[in-house]
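Peer 1: One structure coming up, written as structure tokens, with questions to follow.
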Amino acid sequence: MTIGRAVALLLLATAVACGGPRAGRGGGGACMRLESERVVRGESLCEDVWTCFRPPNDIIDRVGLRRLAPCDNPTGPIVLYLPGMHQNAEFIGSDAGHDLRLYLAQAGLRTWSLDWRTHALPADATPEQLAAASRWDAETFLDDAAWAAEFVRGAEHGPLFVAGFSYGAGAAYGLAARGDQAIAGLVIIDGAPSDGSTPPGEAAMIDVGSSRLPWPQREQLLRTVLASPANPSPVPGYRTAGAALGDILFTSQAFGGNGALSAARDGVSDIHDVALLLNSYDRWWPRATLGGKAPSPRPVPVLAFAAGNMGPKWLERVQAGAKAFGGERASVKEVPLHGHIDLLVGRLSVTEVFEPIRRWVSSAHAQPKAR
């Protein structure tokens, strides 16, 4: 599809959209909007999805914004969620116990989330597409996050809270440091501000598959676990698919092993729920986004969470980032025995992460404004 035809189709789709909040003032290109409803814990929620072109406006230079909120004139707090590396904003089900945004929306909050540009890049991307995507850097993604915040502020009225997981948490800090958006508070889930360094590696585009579990084998294992964790393992050396995935995640050396990535092997998360999350990941991620300059802190309230299995040095880094922006009033909660992604889909995610976030955001939202 040519870029001209794509823009024409997006403009047509925008023209027929109706109801709900209007688009924000953030520029950048044409947007397509789709609307639907979903039921979460008996609550009817309205879902709006915008797909928008961003500079330089190639066919892969697209981001998505997803809004989920009660359908009847919601006035609850506004939360913009920035996903982690390889993640996107699609909902993987209707279980509010395993998706922060569903949990917050069914509790009355207006939740928004951002699809990074990588969501528009197909798993079988051409060499030309990968070369173009490799030029996306930290500032590109931070510009997209700033655009998303401006879009939300143009569509909603009320204080804006920015939440982020992992890479998205670092982007939230970067957004606050820019100071061009009024942010009521930051919710940091197992992340820290960028230290300005780029992790070593030769490939310009990072494959979510690894040398231990290449993309085709990863896809096969996840499909098998989703069908049933008790199915025979397609990975040699394991009796069941669930045992294979649990052990591979628990021992992942990219995160230091010892359950730092996930402790589903020990029952902290249900391996089927973990597989659902991992199956939603986008394949490619530009290495250049992992660099960029360290942000200069600006005062903003901060609530942060750290996975206990990530170790004491990581906890110190999460604490340091939260206090650099939030001062001594920053709240940092370590969640023992949990790995990185267990904070999102763990058996205790609701009580240890989701509900504390809801209470903190709702309390800050309800505080009277200083005159």
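The values are calculated or read from the model by the stated rules, or taken from the named source; none is laboratory data. What you are looking at is a predicted structure, and each value in this text was computed from that prediction instead of being measured. Because the Cβ atoms are built from the backbone with ideal geometry, glycine has one as well, and the counts that use them run over all protein chains shown. To get the accessible areas, we keep the full protein, side chains included, count just its heavy atoms, and leave off ligands, DNA and RNA. Shrake-Rupley method; radii C 1.70, N 1.55, O 1.52, S 1.80 Å.
Peer 1: Applying the selection to the range 97-106, what residues are more than 14 Å from R38 (Cα to Cα) and open to solvent by 20 Å² or more (accessible area, probe 1.4 Å)?
Peer 2: H98
Peer 1: Could you check the range 168-207 and list, in sequence order, the residues that are of a type in the set (D, E), touching a residue at least 12 places away in the same chain (Cβ under 8 Å) and open to solvent by 10 Å² or more (accessible area, probe 1.4 Å)?
Peer 2: Passing the criteria: D180, D195, D207.
Peer 1: Additional query: Just a yes or no: is a residue in the range 226-245 under 23 Å from the mean Cα position of the chain (by Cα) and either closer than 26 Å to P312 by Cα or in a loop (DSSP other than H, G, I, E, B) (or both)?
Peer 2: yes
Peer 1: Now for a different question. Show me the strands (runs of 3 or more DSSP E) entirely contained within the range 47-136 in which 3 or more residues are at positive phi and aliphatic (A, V, I, L, M).
Peer 2: none
Peer 1: I would also like to ask the following. Among the candidates S228, S210, single out the residue that is over 19 Å from I341 (Cβ atoms), open to solvent by less than 70 Å² (accessible area, probe 1.4 Å) and touching a residue at least 12 places away in the same chain (Cβ under 8 Å).
Peer 2: S228
Peer 1: Which of the numbered conditions does W112 fail, given that it passes all the others? Conditions: (1) closer than 23 Å to R33 by Cα; (2) open to solvent by 10 Å² or more (accessible area, probe 1.4 Å); (3) touching a strand residue (DSSP E or B) at 6+ places or on another chain (Cβ under 6 Å).
Peer 2: All conditions are met except number (2).
Peer 1: Still on this structure: I want to confirm something. Restricting to the range 143-164 and keeping residues that are farther than 21 Å from G76 by Cβ and buried (at least 22 other Cβ atoms within 10 Å of the Cβ), which single residue is nearest to the chain's Cα centre (by Cα)?
Peer 2: My answer is A145.
Peer 1: A further question on this structure: Tally up the residues in the range 310-327 that are out of contact with any helix residue (DSSP H, G or I) (no Cβ under 8 Å at 6 or more places or on another chain) and open to solvent by 30 Å² or more (accessible area, probe 1.4 Å), please.
Peer 2: Count: 9.
Peer 1: In addition: Quick one: in the range 250-300, of everything that is open to solvent by 50 Å² or more (accessible area, probe 1.4 Å), among the polar types (S, T, N, Q) and not in a helix (DSSP H, G or I), which residue is nearest to F325 (Cα to Cα)?
Peer 2: Among them, the one singled out is S296.
Peer 1: Output yes when any residue across the range 236-248 is buried (at least 18 other Cβ atoms within 10 Å of the Cβ), within 19 Å of R212 (Cα to Cα) and basic (K, R), and no when none is.
Peer 2: Within the range 236-248 (the criterion being buried (at least 18 other Cβ atoms within 10 Å of the Cβ), within 19 Å of R212 (Cα to Cα) and basic (K, R)), the answer is no, since none of the residues qualifies.
Peer 1: Now, a different point. Counting just the residues of the range 341-370 that are farther than 16 Å from G259 by Cα and of a type in the set (D, E, K, R), which one comes out surrounded by the fewest Cβ atoms within 10 Å (Cβ to Cβ)?
Peer 2: Step by step, filter the range 341-370, then rank; the result is K369.
Peer 1: For S134, indicate whether it is among the hydroxyl-bearing types (S, T, Y), open to solvent by 10 Å² or more (accessible area, probe 1.4 Å), closer than 24 Å to V353 by Cβ and touching a residue at least 40 places away in the same chain (Cβ under 8 Å).
Peer 2: Spelling it out, it is not the case that S134 is among the hydroxyl-bearing types (S, T, Y), open to solvent by 10 Å² or more (accessible area, probe 1.4 Å), closer than 24 Å to V353 by Cβ and touching a residue at least 40 places away in the same chain (Cβ under 8 Å).
Residues are listed down the side, and each one gets a yes or a no for (1) modelled with pLDDT of 95 or more; (2) within 19 Å of the chain's Cα centre (by Cα); (3) open to solvent by less than 10 Å² (accessible area, probe 1.4 Å):
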site: G27; (1), (2), (3): no, no, no
site: C31; (1), (2), (3): no, no, no
site: E35; (1), (2), (3): no, no, no
site: S44; (1), (2), (3): no, no, no
site: V49; (1), (2), (3): yes, yes, no
site: D61; (1), (2), (3): yes, yes, yes
site: T75; (1), (2), (3): no, no, no
site: L82; (1), (2), (3): yes, yes, yes
site: D95; (1), (2), (3): no, yes, no
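Peer 1: Which numbered condition trips up R218, out of (1) open to solvent by 30 Å² or more (accessible area, probe 1.4 Å); (2) touching a helix residue (DSSP H, G or I) at 6+ places or on another chain (Cβ under 9 Å); (3) among the charged types (D, E, K, R)?
Peer 2: It is condition (1) that R218 fails.
Peer 1: Provide a single number: the residues in the range 58-104 that are among the small types (G, A, S) and within 23 Å of D282 (Cβ to Cβ).
Peer 2: Qualifying residue count for the region: 5.
Peer 1: Would you mind telling me which numbered condition in (1) touching a Leu at 6+ places or on another chain (Cβ under 7 Å); (2) modelled with pLDDT of 95 or more; (3) over 30 Å from A275 (Cβ atoms) Q181 fails?
Peer 2: (2)
Peer 1: Residue check, T126 against (1) open to solvent by 20 Å² or more (accessible area, probe 1.4 Å); (2) modelled with pLDDT under 95; (3) of a type in the set (V, I, T), all met but one. Which one?
Peer 2: Single failed check for T126: (2).
Peer 1: Is there a residue being assigned to a helix (DSSP H, G or I), open to solvent by less than 80 Å² (accessible area, probe 1.4 Å) and in contact (Cβ under 8 Å) with a residue 24 or more places away in the chain anywhere in the range 328-340? So that I can check it myself, show each step before the final result.
Peer 2: First pass over the range 328-340, keeping only residues assigned to a helix (DSSP H, G or I): 328-329.
Cutting the leftovers down to open to solvent by less than 80 Å² (accessible area, probe 1.4 Å) gives us none.
Within the range 328-340 (the criterion being assigned to a helix (DSSP H, G or I), open to solvent by less than 80 Å² (accessible area, probe 1.4 Å) and in contact (Cβ under 8 Å) with a residue 24 or more places away in the chain), the answer is no, since none of the residues qualifies.
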